[in-house]
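Heads up: the structure comes next, in C-alpha cells.
Throughout, read-outs are computed from the coordinates displayed, never taken from laboratory work. Computed from a predicted model, the values in this text were never measured in an experiment. Backbone-built Cβ (ideal geometry, glycine too); neighbour counts: all protein chains shown.
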Amino acid sequence: MTQQGPPMGPFCQSCGMPLSTPEDFGTTAEGYRQNDYCHFCFTDGAFLQPDATLEGMIEQVIPHAVQATSMGEAEVRKMAEENLPRLKRWS
C-alpha cells in the first residue's frame, strides 16, 4: 500500500475543505471572494455557524469526508482531529 502525501491546497481554515474552484470560496460582506474559508462556513462576511466548536466541526466534517474520499470513518476522524486544530479559526 502506498501512502499519499497531503493534499495540495488552499483549504478552508474552518472545516479543512479543499478550495479548488472559485465557487468553493466564501464571500465578504461586499460579495468578494474570501480566501480563508469555504462557502459552507463563511458567506457574506460572516460565519454561517458562529457558535461552532472545534469538536462540533470535527463531527460535522467526518460524514462528508468519508463520502468524498475512499477513507473509512476512523481514518477520517484521526485526520480531522490532527489537522482541524491547526486551522486559523481554531488556533
Working out 0.36 nm times the residue gap between Glu73 and Asp51, then minus their Cα-Cα distance, what length gain in nm do you get to one decimal?
5.4 nm
For every other residue with a beta carbon closer than 14 angstrom to the beta carbon of Ala65, add +1 if it is Lys or Arg and -1 if Asp or Glu, then tell me the sum.
-3
To the nearest 10 degrees, how steep is helix 54-68 against the longest Cα principal axis of the chain, on a 0 to 90 scale?
70
Enter the mean projected area of the convex hull around the alpha-carbon atoms of the range 38-91, in nm², rounded to one decimal.
3.8
Arg33, Arg86, Arg77 arranged by Cβ crowding within 10 Å, fewest neighbours leading:
Arg86, Arg33, Arg77
With the 8 Å Cα cutoff and a minimum separation of six or more residues, the chain has a relative contact order in percent of 24
Working from Cα positions, state the angle (0 to 90°, nearest 10) between the long axis of helix 73-83 and the longest principal axis of the chain.
50
Whole-number D in µm²/s for the chain (Stokes-Einstein; Kirkwood sum over Cα pairs; 4 °C, 1.567 mPa s)
95
In this structure, the FRET efficiency calculated for Asp44 and Ser91 from their beta-carbon separation, with R0 = 22 Å, to the nearest 0.05, is 0.35
